[in-house]
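All remarks here apply to the structure that follows.
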Amino acid sequence: MTDRLESLQQLAESQRGVITRRQAFGAGLTRDAIEARVNSGRWQRVYPGVFAMFSGEVGRAAVLWAAVLRAGPGATLSHQTAAELHGLTLKPSQLIHVTIPGDRRVEPVSGLVIHRSGRIQAARHPCQEPPRTRIEETVIDLTQVARTFDQALGWVCAACGGRRTTPGRLRDAMSKRAKLRFREALRLALADVADGAHTVLEHRYLRYVERAHGLPQAKRQARTVSGNRIEYRDVLYPKYQVAVETDGRLAHPLEARWSDLHRDNAAAAKGIITLRYSWSDVTLRPCHVAAEVGAVLSQRGWPGPLRYCGPACALRRT
């Protein structure tokens, strides 16, 4: 009995102190023995049939393990919860997302969102614990539950811009899905991400400002050296010494504003003009942004011309 309890303790340690009732039974504990430990406060019930073998706070890692164990064999953390573990988001979701094999059913559990998939075994990371979907599978799952394409693209940009995966790996993962929402749009967007458009706003600038209006092709994430610092410009037209910075933040912290000003001033000393555009500029007034960028490029020798992006292009009215 002692050996079995020691084995149970070792198992619990590998699961951040969490076990199932079935695992406790396997170590020789009875239902009454389990209840006695819970009632005395030595153990805590995290979910029905899942216990923490300690008193005190049940941390996030233990809660996630408990969710996987409650969902049963083959269960894998996925969607927003897997994104949290992969560092795609800094804000843990209140609901824990778990995917189970498609041929299984789980009774509803408060706080858990249960997804079902026939390919969860292939989507699961081979060694990371608690079990979670691979980064590429996580990103694609999130694009499929996104409310809009911009939200879907945001997950792609976060994963690739943070160097957690590559456009090529995402394309490979997409190819394994028979049904995929936004498939063609994502395929095109991944090509832009591969070219250096690392945020949704950079992608929008590329698509709806630069390409749509015939501006010259820029370098993206252009590496520059300022003193002893290496910096990257969102968009740089090196031939004409014009940089474009896009900023999707609603509020720009004061220290970040000063950093941007210092960088722009240093660039100006080298002859580079920096233009800055917000989310509303690029998304609501792309034609006006194109006209302004085009005008500055023309002053620097770009022969043009700008072209209309379509019948409703605002350049037709200027």
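Derivation of every value follows stated rules applied to the coordinates shown; laboratory data play no part. Please read these numbers as outputs of a predicted model, since none were measured by experiment. Counting neighbours? That spans all protein chains shown, and the Cβs are built from the backbone with ideal geometry, glycine included.
Summary of values
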| read-out | value |
| --- | --- |
| Distance in nm between pseudo-label sites at E107 and S40 (7 Å out along the Cβ direction from Cα) | 2.8 |
| Vicinal HN-Hα couplings computed from phi for the range 133-148 (Karplus, 6.51 cos²θ - 1.76 cosθ + 1.60; Hz; Gly/Pro x) | 6, 4, 4, 5, 5, 4, 4, 5, 4, 5, 5, 7, 9, 5, 6, 9 |
| Taking only Cα atoms of the range 47-132, radius of gyration then Dmax in Å | 12.5, 38 |
| Cα gyration tensor shape of the range 1-53, rounded if a/c is under 1.5, else prolate or oblate by comparing a/b with b/c | oblate |
| DSSP-loop trypsin sites (Lys or Arg not before Pro) across the range 121-161, with at most 14 other Cβ within 10 angstrom | R147 |
| Mean Cα-pair separation over length for the chain, i.e. relative contact order, pairs under 8 Å, 6 or more apart, % | 9 |
| Antiparallel DSSP beta bridges within the chain, percent to nearest 5 | 60 |
| Around A146: net Lys/Arg minus Asp/Glu count, Cβ-Cβ under 14 Å | +1 |
| Tensor-based shape of the range 157-241 (alpha-carbon gyration tensor, a/c under 1.5 rounded, otherwise prolate or oblate) | oblate |
| Surrounding net charge for G49, when Lys and Arg each add one and Asp and Glu each subtract one, Cβ distance under 13 Å | +3 |
| Neighbourhood charge, 14 Å Cβ-Cβ cut-off, centred on W302 and excluding it, Lys, Arg +1 and Asp, Glu -1 | +1 |
| Approximate spin-label separation R116-E292, in nm, with each point projected 7 Å along Cα-to-Cβ | 5.3 |
| Whole-Hz ³J(HN,Hα) from phi, Karplus 6.51 cos²θ - 1.76 cosθ + 1.60, for the range 10-21, glycine and proline x | 5, 4, 4, 4, 6, 10, 6, x, 10, 9, 9, 4 |
| Gyration tensor verdict on the chain (Cα atoms; rounded if a/c is under 1.5, prolate if a/b is larger than b/c, oblate otherwise) | prolate |
| Residue-averaged [θ]222 nm for the chain, counting only DSSP H segments that reach four residues, each worth -39500 (n - 2.57) | -12500 deg cm²/dmol |
| For the chain, size of Cβ-based charge dipole, Lys and Arg +1, Asp and Glu -1, in debye | 740 |
| Sparsely packed trypsin sites (Lys or Arg not before Pro) within the range 16-86, loop by DSSP, other Cβ within 10 Å at most 13 | R42 |
